[in-house]
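S.K.: One structure, as structure tokens, below. Some questions next.
The values are calculated or read from the model by the stated rules, or taken from the named source; none is laboratory data. Every value quoted in this text rests on a predicted model; they were computed, and no experiment measured them. Here Cβ is always computed from backbone atoms with ideal geometry, including for glycine, and neighbour counts include all displayed protein chains. Accessible surface areas use protein heavy atoms only, side chains included; no ligands, DNA or RNA. Shrake-Rupley method; radii C 1.70, N 1.55, O 1.52, S 1.80 Å.
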Amino acid sequence: MPTAAPEAEATVFVVQDVSDAVVRDAREFGVYARTGGWAFALKVARSVRPGGQPAEGSPKVSAKAFAELAECSPERVMRFYKAWDMAADDGIVPQFEALVPGEDIELPDADVWLSYYSSRSSASSVRGHAITAAAEAEGIRPTKALEVAENPTALRAAILADPGTAEAARGALLDRMKEDPALQTEMARAIARTDDLKKAVAQEAKAADRIGYVRQIAEKGQIRTPAGQTVEAPAALRAEAERHLSLIDELDDSEEAGEWAGEAYDTVKGLVAQAVEADPALRVQERRTKFYNSLQKATKVFEELTLDEVLEEDVVEDDMLERLEALQSAISSCISALRKATAAS
């Protein structure tokens, strides 16, 4: 009778004889095997601040900061964040506020994970990812931003009815236009086609130019003379420009700057004229530059006269010749006066 084969000896591992790193990996693998993505979602949910929650007094961090620590993208962190958020809304897992960094809780089964990780097409689309990232940057819950994006009619109603919402929308549009040339063009067209808006833009542009004129003097210490010269501003003039500029900068967003800009511009411009007249060398150069600029303009205008077309079409009239003869006489007088002045000097 044959002898029975000896039973295989069971191998018994003693945990204390195994590397701590191996034990940690094995236990983390076991958690993931039972719970799937919930294990990683918990790490995000208990460490990342919900949108709108202040940073003061909380050990939690923003999704962006968590992503930097994890050396991954904020978008990847937010995908786990959104999955937990949707599951919390359904009562599957606790809300973010009930979770503490480093504290473990009982997690749902692994087979439940994928139904939340990719359930909402709007959140998983390219558009949804962009909205989610923007919501996180603004410190609000992504689900709220997605809900608004899915109902633009409700957004329009809120903008029309509520000044605060309209102001938020205005700020958002201005921020977006900085990086969206197509939207810039559409807004410009809309304004150009609306008389009231076009007039308002022209007024604001005028006020901005005047403020820029005063700011140039206050901050850079330079004045631009009426003839177009740029020279150093006298200390008193610069101080006056700084005073007016400080008053303008202190205005609230709701206050109109046009009247203040006009007063500052007129005052500073008058002081610039006085400064030019008070400096003999500058006054001479200013008048010389002004005369030369006018001469260049007159020369350009005369050169642009299309004599060929006038002669071909036989449109010459007596008053045209009279005007040219008067111009010729004026030029001759001007040349004579300049020659005398040159000879005398």
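S.K.: My understanding is that a pair violates if its Cα-Cα distance is over 20 Å; which of K199/K290; K43/K144; K220/K290; K206/K269 do that in this structure?
M.R.: Where the Cα-Cα span goes over 20 Å, the pairs concerned are K199/K290; K43/K144; K220/K290.
S.K.: If you put +1 on each Lys and Arg Cβ and -1 on each Asp and Glu Cβ, how big is the dipole of segment 147-265 around its Cα centre, in Debye rounded to 20?
M.R.: So the magnitude is around 640 debye.
S.K.: For S58, what charge total do you get from the other residues with a beta carbon under 14 Å from its beta carbon, if Lys and Arg give +1 and Asp and Glu give -1?
M.R.: +1
S.K.: Follow-up. Using unit Cβ charges (K, R positive; D, E negative) and no other charged atoms, how large, in debye to the nearest 20, is the dipole of the chain about its Cα centre?
M.R.: Its charge dipole is roughly 780 debye.
S.K.: With every protein chain in place, what's the accessible area of V100 (1.4 Å probe, Å², nearest 10)?
M.R.: Around 70 Å² of this residue is reachable by solvent.
S.K.: If you don't mind, there's one more thing I want to ask. If you average 1/r over every pair of different alpha-carbon atoms in the chain and take one over that average, what Kirkwood value in Å do you get?
M.R.: 29.1
S.K.: State, to one decimal in nm², a quarter of the convex hull surface area for the C-alpha atoms of segment 182-334, i.e. the direction-averaged projected area.
M.R.: Seen from a random direction, the Cα hull of segment 182-334 projects 15.5 nm² on average.
S.K.: For a quick check, take a GNM of the chain with Cα springs below 10 Å and name the residue from V214, V18, V61 with the largest mean-square fluctuation.
M.R.: V18
S.K.: Return the single residue from L251, L321, L237 with maximal mean-square fluctuation; model: Gaussian network over the chain, springs between Cα atoms under 10 Å.
M.R.: L321
S.K.: Which one, T306, T165, T153, has the greatest fluctuation when you compute a Gaussian network model over the chain with C-alpha springs under 10 angstrom?
M.R.: So, out of T306, T165, T153, the one fluctuating most is T306.
S.K.: If you count only protein heavy atoms with a 1.4 Å probe, what accessible area per residue comes out for the chain, rounded to a whole Å²?
M.R.: 71
S.K.: Oh, and also: Considering the dipole of the chain built from charges on the beta carbon (Lys and Arg +1, Asp and Glu -1) around the Cα centre, which of M78, L251, V201 is farthest to its positive end?
M.R.: Highest projection toward the positive end goes to L251.
S.K.: What is the magnitude of the charge dipole of segment 164-224 about its Cα centre, with +1 placed on the Cβ of each Lys and Arg, -1 on the Cβ of each Asp and Glu, and no other charges, expressed in debye to the nearest 20?
M.R.: 320
S.K.: Where in the chain is the longest stretch that carries no trypsin sites (Lys or Arg not before Pro) classed as loop by DSSP and with at most 10 other Cβ atoms within 10 Å?
M.R.: 1-177
S.K.: Would you calculate a helix-derived [θ] at 222 nm for the chain, using -39,500 (n - 2.57) for each DSSP H run of n ≥ 4 and dividing by the full residue count, to the nearest 500?
M.R.: Value at 222 nm, helices only, nearest 500: -22500 deg cm²/dmol.
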